[in-house]
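Worksheet: one structure, shown below.
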Amino acid sequence: MKRRALRTEALFFERNPRRVRRQGFLLPAMDVPAVEPADVLPSELLRSPDPDYPDISEMELVQHFHRLSQLNYAVDEGLYPLGSCTMKYNPRLNEATAGMSGFSSIHPLQPPSQVQGALRLIWELEEALKAITGMPGVTLQPAAGAHGELTGILMIRKALEARGEQRKVVLAPDSAHGTNPATAAFGGFRAQEIQSAHDGTVDLGALDRVMDDQVAAVMLTVPNTLGIFEHQIVDIADLVHRRGGFIYLDGANLNSFAGRALPGLMGADAMHINLHKTFSTPHGGGGPGAGPVTVSDALLPHLPVPRVLRRADDFELLWQDPESIGPMRGYYGNFLILVRALTYIWSLGAEGLREMSDVAVLYANLVRHRLKDAYHLKYESPSMHEVVFDDSIQARREVHNTDIAKRLLDYGFHPPTMSFPLIVHGALMIEPAESVAPEEVEEFCEAMLAIAREAETDPELVKSAPHDTPVSRVDEVRAARNLKVTWKPEENV
Amino acid sequence: MHPWVGAGPDDRRHILDELGLNSIDDLFATIPPEVCVDRLDLAPAQDEESVWLAMSRMAMSNLALDCAPSFLGAGVYRHVRPAVVNAVLSRAEFFTSYTPYQPEISQGTLQVIFEFQTLISRLTGLPVANASLYDGATALVEAVLFSHRVLRGRRDVAVVAETVHPMYRRVLDTYAEATGIEIVTVPPNTEGRLDPDRVREAAGDRACCVALQSPNFLGIVEDLPRLAEAAHDGGALAVQVVTEAVSLGLLEGGGTYEFDVVCGEAQSFGVAPGFGGPHLGFFACTEKNIRQMPGRLAGETVDEDGRRAFCLTLSTREQHIRRAKATSNICTNQGLMALAATVWLEAVGGAGLRELATSCLARSEELKRRISALDGPWRLAYPAAPTFNEFLLTGPGDGADLVDRIASEGVLIGVPAAKWGGSWPDGVLVAVTELNTSAEMDALVAALGAVS
């Protein structure tokens, strides 16, 4: 039997066009006297009429979202080799533990005596992340990686204030993700680039020239966005520390060395950890993630509040601390994401985490080996968990990285990352992650090789891709020119 | 070997052979030895059953809200959660996908965001809404920074009502310190409401915005039309924060009264309390300021064949493109939580949302009536003030003490109101939703009697 070809799905607002009464959900019956809202609330504030949401039945609702879901690609469908995003398997055990009502149905403002298990979970995850990074302190509060960056930079700002210094600059390499300079700006600093050396790592000489008493921090990604380990990290950290600056590590790529190396030994003062990358919590179509930040002794006093404190036989919350930067968001973090991450860490244990990094790096090197003759590799330094090719060979036929990406969709794979690093023009940043079967990685390589051949023999085929997706190439320019971000009935008669 | 790692020992051997390497260690040769360890100081791997039991033990030592009559609110509410919400959220096509940067294979997520934006726009009375923010507290922060940008950084003061959730205000203080924005706080009058004249006076002509919450932290509904006017008189933007999003089923959103921003927390729409996260920040504003809006946006367009399609748009405001000049630090949204709210709102429907909100109102009024009829030390702190589904109750002791004493009677009465300070009496914020039955109210009233 052929499945109905799914291309588009009507919007919720277009359903039940006669706007007749249907029932989508039954509310609890009233067992108290009814109240006329205008008798107790100022009548000029009352809504009239209701928001124009059509009523639909439960099955219609389920079909709507079922059909929409089928227009999506997902990790469970195939390789999702987005470099730097680490699209690994999201274990079902994580979902099961996060769904326990003792976690999902507790209120953040219940007295601590009623939520000892939740406070213990936070403490346990903190201990685990301290062990994994070799750093003495951590906050689980940040909601995402960029939020973690800002938390780290604000702690650095506070530590400088405590020293009576007002440094104005934050340095980041030209290979950095865009969130690094953005974070510096939101933290009240000026972002300045450091040039990369020929091998793609930080140019120590260039750093030496700009690292003065105005530099608050150097933000580094380890391994960097080219998938290359900063082999001079210890010298870099020494130089920066000697001149009174701090080292901020972007931990987006922790999954390449967890279990083998400790950021604490690298001289990191703060590092955010994307739980939705290294520790397998789902990406959810764009959040919620979590971006805990581990810190060195120098930043320990400035961690955000509230903090969980362990006492002799219970846990409590510290809400006020004059040395703290204050809270970065409501409550204690994306708690149910923390439950998932701890489930993953406890499941894998020490050896499992090392195995995870080993295979992540092995797979990236397999891809590098298989594709190195067909795609150009600008930086030849050894690759860790990801490899960054570019489209310069294919560009001779006017085939660019975005075309290769769209053609990959026809082969049933999600494309690699292309928006950065900015120092590689036409980048194809590939990260297979460790959880897939090796055959899946090999099939992806075959698809990439086939596209490289097509670029030579039939470039139009690649440039007009995709040919086999629910919608054909989407006009993103038009979306920005004729902005339409909500549905309005008058435009759809 | 672990099941969550795809390659077994033989697979690894094969790949190493192909790469011409002897050992996996060869791949890590660029890491300086002085930063390496042989083994992490962590427990060994555990099987599913053991992890499940360990997690379950922690979960069971918490007192879940379903286990006792619960009246906790203060920004996090317990509402109906139709089973279809979790059923949709557990579809791998939604929860294991990434940000929809490739629209051709992400139309599901993109259309959900577009529907979410439309749902929020209609509730807030403003024409545009974004794809969501981290939570209500950071939504307030974004609204202040947004106002500062819209007025081109020329006004460095933000006027904030003291009755905006005090925890939100603390979060705002953290960010304001780094950006050099001065926060001026306006306390409520003796009725627990914000006085437009005091707002006008505080704002003068140097405020970039006036931010207030309605229903406010004390549960009281504010005079939105006059407060918007007061903000605008001095040239400031008017910002409404909403922490109980269900109130929008019965009350018009601030957009109807010329508010420039309506933002806050939409956890009430199908998102579990979850000990405070993940929750769902939302942000709506006027069309003319859309380019200063923080966060992601989905827009409608067409594909090459002219069919309707959706994609992320105006990403030139965002960090991965704009770098140091981005409009916001947020580089994601709360995608899955926005999906939860979309499913929830579409299940409940427009008339259903009014019915649900009216049920909250009626139950809250009923509980106020029953408490007022008690002899003894219990008092409504603002008996004449119009409230939606939450009110401040005072009694024989401070808020934290009362919460503990009533918990020992088996009722979770609410949240201590002075936890973060405030010019209001120290008592308990009691929230009532459609899930609080008449029998639960009896239990609460009996508990009050027992500790009088």
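Counting residues in chain A as N, plug N into 2.2 N^0.38 Å and put the Cα Rg over that result.
Normalised Cα radius of gyration, chain A: 1.10.
Work out from phi, with θ = phi - 60° and the Karplus expression 6.51 cos²θ - 1.76 cosθ + 1.60, the ³J(HN,Hα) of each residue of the stretch A:81-93, listed in order in whole Hz, and give x for Gly and Pro.
x, 5, x, 6, 8, 6, 8, 8, 4, 9, x, 5, 4
For the pair B:Asp173 and B:Thr316, what calculated FRET efficiency results from E = 1/(1 + (r/R0)^6), where r is the Cβ-Cβ distance and R0 = 30 Å, to the nearest 0.05? The partial results should precede the final answer.
Working: r = 30 Å, r/R0 = 1.01.
Computed FRET efficiency for B:Thr316 and B:Asp173: 0.50.
For chain B, what does -39500 (n - 2.57) per DSSP helix run (n ≥ 4), summed and divided by total residues, give at 222 nm, in deg cm²/dmol to the nearest 500? Intermediate values should be presented prior to the final figure.
Working: 14 runs with 164 residues, N = 452.
It lands at -11000 deg cm²/dmol.
At B:Ile183 and B:Asp26, where each label point lies 7 Å from the Cα along Cα→Cβ, what is the point-to-point distance in nanometres?
According to this spin-label approximation, the distance is 5.8 nm.
Output the antiparallel fraction of DSSP beta bridges having both residues in the protein assembly as shown, as a percent to the nearest 5. Could the numbers behind the result be given before it?
Numbers: 46 of 81 bridges.
Restricted to the protein assembly as shown, the bridges split so that about 55 percent are antiparallel.
Using a Förster radius of 56 Å, what is the FRET efficiency between A:Arg92 and A:Arg242 based on their Cβ-Cβ separation? Nearest 0.05, please.
Working: r = 49 Å, r/R0 = 0.87.
My answer for the efficiency is 0.70.
First measure r as the distance between the Cβ atoms of A:Lys488 and A:His198, then evaluate 1/(1 + (r/R0)^6) with R0 = 41 Å and state the FRET efficiency to the nearest 0.05. Write out the running numbers ahead of the final one.
On the way: r = 54 Å, r/R0 = 1.33.
So the FRET efficiency works out to roughly 0.15.
At 0.36 nm per residue, minus the direct Cα-Cα distance, what do B:Asp38 and B:Asp10 gain on full extension? Give it in nm, one decimal, please. Provide the component values of the computation, followed by the final result.
Working: separation 28, 0.36 × 28 = 10.08 nm, distance 2.26 nm.
In short, 7.8 nm is gained.
Rounded, prolate or oblate, given the Cα gyration tensor of the protein assembly as shown, with a/c below 1.5 counting as rounded? Before the final figure, lay out the partial values.
Details: a/c = 1.63, a/b = 1.42, b/c = 1.15.
Verdict is prolate for the protein assembly as shown.
Simple spin-label model, 7 Å along Cα-to-Cβ: A:Trp123 to B:Asp156 in nm?
4.4 nm
If we sort A:378-390, B:393-405 on the protection proxy, mean other Cβ atoms within 10 Å, highest first, what's the order? Mind dumping the intermediate values first?
Working: A:378-390: 23.9, B:393-405: 18.8.
Highest mean packing first, the order is A:378-390, B:393-405.
Among B:Pro166, B:Pro100, B:Pro273, whose Cα sits farthest toward the positive end of the charge dipole of chain B (+1 at Cβ of Lys/Arg, -1 at Cβ of Asp/Glu, about the Cα centre)?
B:Pro166
What is the extension gain from A:Asp50 to A:Glu77, computed as 0.36 nm multiplied by their sequence separation minus the C-alpha to C-alpha distance, in nm to one decimal?
Values: separation 27, 0.36 × 27 = 9.72 nm, distance 4.03 nm.
Here the segment from A:Asp50 to A:Glu77 would lengthen by 5.7 nm.
Using bins 10 angstrom wide from zero, how does P(r) for chain B break down, in % of all Cα pairs?
Pairs per bin, as whole percents: 4, 18, 26, 23, 16, 8, 4, 1, 0.
Rank by packing, highest mean first: peptides A:54-63, A:33-42, with packing defined as the count of other Cβ atoms within 10 Å averaged across residues.
Details: A:54-63: 16.8, A:33-42: 14.0.
Result, highest mean Cβ count within 10 Å first: A:54-63, A:33-42.
Which distance in Å, rounded to a whole number, links the C-alpha centroids of the stretch B:1-68 and the stretch B:410-449?
45 Å
Need one value for B:144-150: mean number of C-beta atoms belonging to other chains within 10 Å of its residues' C-beta atoms. Can you show the working numbers first?
On the way: counts 0, 1, 0, 0, 0, 0, 0.
Mean partner-chain Cβ count within 10 Å for B:144-150: 0.
What is the mean number of Cβ atoms from other protein chains located within 10 Å of the Cβ atom of each residue in peptide A:232-244, rounded to a whole number? Don't jump to the answer; show the numbers that get you there.
Values: counts 1, 4, 3, 1, 0, 1, 0, 0, 0, 0, 0, 0, 0.
Partner-chain Cβ atoms within 10 Å, mean over residues of A:232-244: 1.
Roughly what would the spin-label model give for A:Arg22 and A:Asp321, points 7 Å off Cα along C-beta, in nm?
Each label point lies 7 Å from its Cα, and together they span 5.3 nm.
Looking at chain A only, what percent of DSSP beta bridges run antiparallel? Nearest 5 please.
On the way: 18 of 34 bridges.
The answer is about 55 percent antiparallel.
Tell me what chain A gives for mean residue ellipticity at 222 nm when only DSSP H runs of n ≥ 4 count, each as -39,500 (n - 2.57), the sum divided by the residue total, rounded to 500 deg cm²/dmol. Can you show the working numbers first?
Working: 16 runs with 174 residues, N = 493.
Using -39500 (n - 2.57) per qualifying helix, the result is -10500 deg cm²/dmol.
If you find the alpha carbon centre of the stretch A:160-198 and of the stretch B:201-276, how far apart are they in angstrom?
35 Å
So how strong a dipole does the stretch A:232-370 carry about its Cα centre when Lys and Arg Cβ are +1 and Asp and Glu Cβ are -1, to the nearest 20 debye? Before the final figure, lay out each step's value.
Numbers: 12 positive and 13 negative charges, 99 e Å.
Charge dipole, the stretch A:232-370, about its Cα centre: 480 debye, nearest 20.
Sorted by average packing, counted as other Cβ atoms within 10 angstrom per residue and highest first, what order do B:333-340, A:394-401 take? Before the final figure, lay out each step's value.
Values: B:333-340: 29.8, A:394-401: 18.9.
Order by mean packing, descending: B:333-340, A:394-401.
No lab work stands behind these numbers, since they all come straight from the coordinates. In this text, all values refer to a predicted model and were calculated from it rather than measured experimentally. No Cβ is skipped: glycine too gets one built from the backbone with ideal geometry, and neighbour counts run over all protein chains shown.
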